[in-house]
Amino acid sequence: MTLTASLLRELVDPTLRVGGRAELCCELAREFENKGDYEEAREVLSGYWSGIGDPPNLTGLERSTAAEVLLRAGVLTGIIGSASSQIPDAQETAKNLISESLAIFESQRYAEKIAEAQIELALCYWRTGDFNEALDLLKLALAQATDDSELKVKAVIRWGIVEIDAGRLTEALRFLTDNASLVEEINSDMLKGCYHQTLGDAHKDLWESDTPGNYLDRALIEYAAASYHFEQAEHRRYLANLENNLGMIYFRINRRKEAHEHLDRARVIFTNLKDIRAVAQVDETRARVFLQEGRNVEAEKVARSSVKTLEKSDMQLPLAEALTAHGTALARLENYGLALSTFRRAIDVAQRLGSFNRAGQLALTAFQEIGDRLAVNEGGSLVSGRKLTEETHSVEHDLIKHSLEITNGSITRAARALGISYQELNYMLNTRHQDLLTKRTPIRRRRKRCLSH
């Protein structure tokens, strides 16, 4: 009999006390979480928590049990909220619930539960791009989880995830490798799979960054190990994430047919799970494959759909990537004005996240894609000596200048070519680019009309 079946049998015991029933529900919810069955986990807690946005009903529960209910409700709010664009401020709500549970555990000096709450709280901060706050919490969790190997491994995995998304790939790889012995001590296939996937992600990103080393083969080895453990754990969601990553790898090595096959499998699973955010991330990867195939119209359509979904979520880093794919597609369709504004949005997102290396890479991508439309692009290389904001200002200046030249100074037609309004272009000229006012056609003064009495 599985643990889940055993817990379900215990729940039907009519002699079970209120607190005992709540504890069993939380344990069962955790089991469903570990398999990626988040809606089932929420249903199990329905006797104490009506759903996202509502506070749990803690009446009659001891403080330790109430803290457990708060923790599970917070974890599910963060997970389900990140997958849906229809749940506003989900991560903030999740933070509040988990923080409330953490305060109770701290008052009881329950070290392992303190560590668990800190690890889950760190994940909420990671989702909203607060990488430093996430790492601080994970440091505290590792110090608390002295006797629980699974908690330590979970903290190590999430530390690696944060470092990877922050662009600190070498540090992530070193940290994950240094803690490999912890993974050998645990029996959880789900956590082992997560560890191997995160390690594979670090290798994949190092390979994509052209860092010298045999990173591609190592990534594929780690992904194979992760796939095995996820299948053993019956975790469909994590299998889908892995398929998406494999799709990205095969795209990068120009094996496009295999890339589409992996992306198809990932999209089917995420669609069945009703995870529209994850579907959007798969679509962003698909857009890159289309771009590589020269299918720019399809790439623009798919990337635009991905952006539309992700901009309604809390996931800022995937949004930056989707914006980059969309900007690239627009540039290749010669919609340079809209491409520029899209690239600028991607750069702004990366800067807000504190990922300045990524912001610089995005700026370079913009200049390379827009190409000879920009004076700042010389031989395909970014002109040095200017700050990123100055480069962006220069890009804007050159595009406006080019648009005015090809439209013989017509503000109306230049604005249309740039994908912006007449009023917006006129404002730019009068504030940021006054030297270009001589390029526009003279303003025609309208004759005053005589009003008849």
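The values are calculated or read from the model by the stated rules, or taken from the named source; none is laboratory data. Keep in mind that this is a model prediction, so the values were computed, not measured. Note that each Cβ is placed from the backbone with ideal geometry, even for glycine, and that neighbours are counted across all protein chains shown.
Worth a mention:
- Scan of the stretch 62-74 for residues that are in contact with a Lys or Arg (Cβ under 9 Å, 6 or more places away or on another chain) and either surrounded by fewer than 20 Cβ atoms within 10 Å (Cβ to Cβ) or in a loop (DSSP other than H, G, I, E, B) (or both), ordered by number: Ser64
- Of all residues in the stretch 141-157, one or more are in a helix (DSSP H, G or I), free of Cβ contacts under 8 Å to residues at least 40 places away in the same chain and farther than 30 Å from Glu92 by Cβ.
- Cβ separations smaller than 8 Å between residues 6+ apart or across chains give the following pairs from the stretch 190-217 residues that are farther than 15 Å from Ile249 by Cα and in contact (Cβ under 8 Å) with a residue 60 or more places away in the chain to residues that are of a type in the set (A, V, I, L, M, F, W, C) and surrounded by 15 or more Cβ atoms within 10 Å (Cβ to Cβ): Met190/Phe230; Met190/Ala233.
- Test: Glu39 is part of a helix (DSSP H, G or I), acidic (Asp, Glu) and free of Cβ contacts under 8 Å to residues at least 40 places away in the same chain: no
- Any chance Ala134 is buried (at least 22 other Cβ atoms within 10 Å of the Cβ), in contact with an Asp or Glu (Cβ under 9 Å, 6 or more places away or on another chain) and not charged (D, E, K, R): no
- Yes/no for Asn272 being surrounded by fewer than 22 Cβ atoms within 10 Å (Cβ to Cβ) and modelled with pLDDT of 95 or more: no
- Cβ-Cβ under 6 Å pairs, at least 6 apart or on other chains, the stretch 250-276 side under 15 Å from Leu239 (Cα atoms), far side acidic (Asp, Glu): His262/Glu243; Arg265/Glu243; Ala266/Glu243
- Qualifying positions in the stretch 114-137 - out of contact with any Leu (no Cβ under 8 Å at 6 or more places or on another chain), assigned to a helix (DSSP H, G or I) and of a type outside the set (S, T, N, Q): Leu123, Cys124, Trp126, Arg127, Glu133, Leu135, Asp136
- Exactly one residue out of Thr59, Thr93, Thr77 is within 17 Å of the chain's Cα centre (by Cα), of a type in the set (Ser, Thr, Tyr) and either in a helix (DSSP H, G or I) or surrounded by fewer than 19 Cβ atoms within 10 Å (Cβ to Cβ) (or both): that is Thr77.
- Annotation: Ile104 fulfils all but one of (1) surrounded by fewer than 23 Cβ atoms within 10 Å (Cβ to Cβ); (2) of a type in the set (Val, Ile, Thr); (3) in contact with a Phe, Trp or Tyr (Cβ under 9 Å, 6 or more places away or on another chain); (4) within 27 Å of Met315 (Cα to Cα); the unmet one is (4).
- Search result, residues across the stretch 292-350 that are polar (S, T, N, Q) and surrounded by 24 or more Cβ atoms within 10 Å (Cβ to Cβ): Ser306, Thr324, Thr328, Thr342
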